[in-house]
Amino acid sequence: MAIETIVSISWWMILPLSIIGSLLHFVFDWTRHNRIAAIFSAVNESYWEHIKIAIWPTVLLQIVLFAAGGYQYLSFIPAATIALYSLPVSMLGIVFLYKSITKRNILWLDIASFFVIIAVAQTLFVLVLEQLDASWVTVVLAGFFLVGLLIASLRFTLRPPNEPDAFIDPLTQKYGLHAHPDYQIPNEQQRG
């Protein structure tokens, strides 16, 4: 796949990625609290859970693009890594900025912010992909950071850090699955 095609697909996917991420906000409830769905969807209202629903659709697109020919470009892995790391940074920055002005969450601003955050990530991906003359050292370092983010994304819903700024649900003051008001701990875990 030509780099121009990857760039074009990346631009066209901003809206679908935003819609998919928005829908992931509801998948945990739609699946009746399935633990596998919990890894990829929001289980509570913490910042982490909202970051996660931006990360997974973007990761899926990057896997497809990589398999379809992105592997030919040394800049692909660093570009993907930078784009993925921009998601939590821009989400926290944009949401904290508007909340410092409004003093509260506003649903339409939250949704608009989500679309902007996806657009920022896709823009960074395209710019780095096109402009970075990556070496193998850059690719390996980016790969380590990419794997770290993916491991965190897989792990932190089921076992969140006890850190209140990003991981605590502001409504229930709990973490991870246990913050969801309707989630019941399976019997075998309650006994342990």
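The values are calculated or read from the model by the stated rules, or taken from the named source; none is laboratory data. Remember, predicted model here, so these are calculated numbers, not experimental data. Please note: Cβ atoms are built from the backbone with ideal geometry, for glycine as well, and neighbour counts cover all protein chains shown.
In the set 58, 81, which member is closer than 17 Å to residue 20 by Cα, in contact (Cβ under 8 Å) with a residue 40 or more places away in the chain and of a type in the set (Ser, Thr, Tyr)?
Only one candidate passes the filter, namely 58.
Within segment 105-139, track down each residue that is buried (at least 18 other Cβ atoms within 10 Å of the Cβ), over 21 Å from residue 75 (Cα atoms) and aliphatic (A, V, I, L, M).
Within segment 105-139, 117 is the sole residue that qualifies.
Select from segment 34-80 the residues that are among the small types (Gly, Ala, Ser) and over 16 Å from the mean Cα position of the chain (by Cα) and list them in ascending order.
67, 68, 69, 70, 75
Could you please find all residues in segment 17-55 being of a type outside the set (D, E, K, R) and without any contact (Cβ under 8 Å) to a residue 12 or more places away in the chain?
Those that are of a type outside the set (D, E, K, R) and without any contact (Cβ under 8 Å) to a residue 12 or more places away in the chain: 19, 23, 30, 31, 34, 36, 37.
Do you know which of the residues in segment 81-102 that are within 15 Å of the chain's Cα centre (by Cα) and either outside any helix (DSSP H, G or I) or not aliphatic (A, V, I, L, M) (or both) is nearest to residue 37 (Cα to Cα)?
Going through the qualifying residues, I end up with 88.
Just to confirm my filter: which helices (runs of 4 or more DSSP H) fall fully inside segment 107-192 and include at least 2 residues that are of a type in the set (Phe, Trp, Tyr) and either modelled with pLDDT under 80 or closer than 22 Å to residue 92 by Cα (or both)?
Result: 107-131.
Filter segment 1-33 down to the residues that are among the hydrophobic types (A, V, I, L, M, F, W, C), part of a helix (DSSP H, G or I) and within 13 Å of residue 126 (Cα to Cα), then identify the one that is nearest to the chain's Cα centre (by Cα).
Taking the candidates together, the pick is 14.
Could you go through segment 61-78 and let me know if any residue there is of a type outside the set (A, V, I, L, M, F, W, C) and over 14 Å from residue 6 (Cα atoms).
So far as segment 61-78 goes, yes, one or more of its residues are of a type outside the set (A, V, I, L, M, F, W, C) and over 14 Å from residue 6 (Cα atoms).
Determine whether residue 36 is of a type outside the set (Ser, Thr, Tyr) and either assigned to a loop (DSSP other than H, G, I, E, B) or under 26 Å from residue 130 (Cβ atoms) (or both).
The answer is no for residue 36.
For residue 49, state whether it is of a type in the set (Asp, Glu) and under 22 Å from residue 146 (Cα atoms).
Yes, satisfied.
Identify the single condition in (1) at pLDDT below 90; (2) surrounded by 23 or more Cβ atoms within 10 Å (Cβ to Cβ); (3) of a type outside the set (D, E, K, R) that residue 41 does not satisfy, given that it satisfies every other one.
(1)
Quick test of your reading of the structure: residue 30 fulfils all but one of (1) crowded, with 17+ Cβ neighbours inside 10 Å; (2) more than 27 Å from residue 136 (Cα to Cα). Name the failing condition by number.
(1)
Working only within segment 45-72, note down all residues that are buried (at least 21 other Cβ atoms within 10 Å of the Cβ) and outside any helix (DSSP H, G or I).
Across segment 45-72, the qualifying residue is only 46.
Looking at this structure, is residue 102 surrounded by 14 or more Cβ atoms within 10 Å (Cβ to Cβ) and either out of contact with any Cys (no Cβ under 9 Å at 6 or more places or on another chain) or among the β-branched types (Val, Ile, Thr) (or both)?
When the stated conditions are applied, residue 102 does not pass them.
For residue 148, work out the one condition from (1) surrounded by 19 or more Cβ atoms within 10 Å (Cβ to Cβ); (2) over 17 Å from residue 6 (Cα atoms) it doesn't fulfil.
Only one criterion in (1) surrounded by 19 or more Cβ atoms within 10 Å (Cβ to Cβ); (2) over 17 Å from residue 6 (Cα atoms) is unmet by residue 148, namely (1).
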